[in-house]
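First the structure, in the form of structure tokens, and then the observations on it.
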Amino acid sequence: MVYQLIYYSRNTVDGSDREMLTNLREILAKSQHNNSRDGITGYLIFDKTWFIQILEGDRDAVTTTYQRIATDPRHSSASILNTRDVKDRLFPNWTMAGALRTPEMQEVYLEHGIGGAIDPTRLTSDQVVRLALDLHQFEQNKRLRHAS
Ligand SMILES: Cc1cc2nc3c(=O)[nH]c(=O)nc-3n(C[C@H](O)[C@H](O)[C@H](O)COP(=O)(O)O)c2cc1C
């Protein structure tokens, strides 16, 4: 079994879109480094106001990582949405994937009933999982289009 933890938190780092993107890239780079060491995979949704993250791996590793993340001053009020044991990883090949919400992704958000601002307090963990999988798929398809 794989332990899965989903939480949301409020971004505390203000700035331009470019600065937001830089912020996210720094977080992802560090996450990928640490998570590959710790056997953690997952996805980070960032809509500029909120972070919503899926962490999956061994229970101890996920718990330790979450405790470290929760004290990071780049966000505040981290709240766990759900923890559970699941059979398989959702993102087995991604030590931490993620994307900044951009206008081109609007269609994906809309498909999930999110037209305006995200309200993570009203999301279920299953909705988060489906949104993350679709956002990830969207990004992957974009990469393929650009590569061909
Ligand atoms: C929204 C958010 C998500 C993060 N996700 C991860 C993560 O998945 N793994 C991780 O190791 N650090 C993550 N971090 C960074 C940690 O808070 C912390 O800065 C980092 O783990 C410290 O690593 P170090 O002790 O190697 O410097 C995240 C930070 C933020 C703000």
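Values in this text are rule-based calculations from the coordinates and carry no lab data. Keep in mind that what you see is a predicted model, and the values were worked out from it rather than measured. Positions of Cβ are generated from backbone atoms using ideal geometry, with glycine treated the same way; all protein chains shown enter the neighbour counts.
See the values below:
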{"quantity": "Qualifying residue in region 44-51 (condition: in contact (Cβ under 8 Å) with a residue 12 or more places away in the chain and among the polar types (S, T, N, Q))", "calculated": "yes"}
{"quantity": "Number of positions in region 21-50 that are away from the ligand (no atom under 12 Å from the Cβ) and of a type in the set (A, V, I, L, M, F, W, C)", "calculated": "1"}
{"quantity": "Failed condition for Q53, given (1) more than 8 Å from the ligand (Cβ to nearest atom); (2) touching a strand residue (DSSP E or B) at 6+ places or on another chain (Cβ under 6 Å)", "calculated": "(1)"}
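Rundown of residues vs (1) touching a His at 6+ places or on another chain (Cβ under 9 Å); (2) free of Cβ contacts under 8 Å to residues at least 60 places away in the same chain; (3) β-branched (V, I, T), yes/no style:
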| position | (1), (2), (3) |
| --- | --- |
| R18 | no, yes, no |
| N23 | no, yes, no |
| K30 | no, yes, no |
| I40 | no, yes, yes |
| Q53 | no, yes, no |
| R68 | no, yes, no |
| T71 | no, yes, yes |
| L81 | no, no, no |
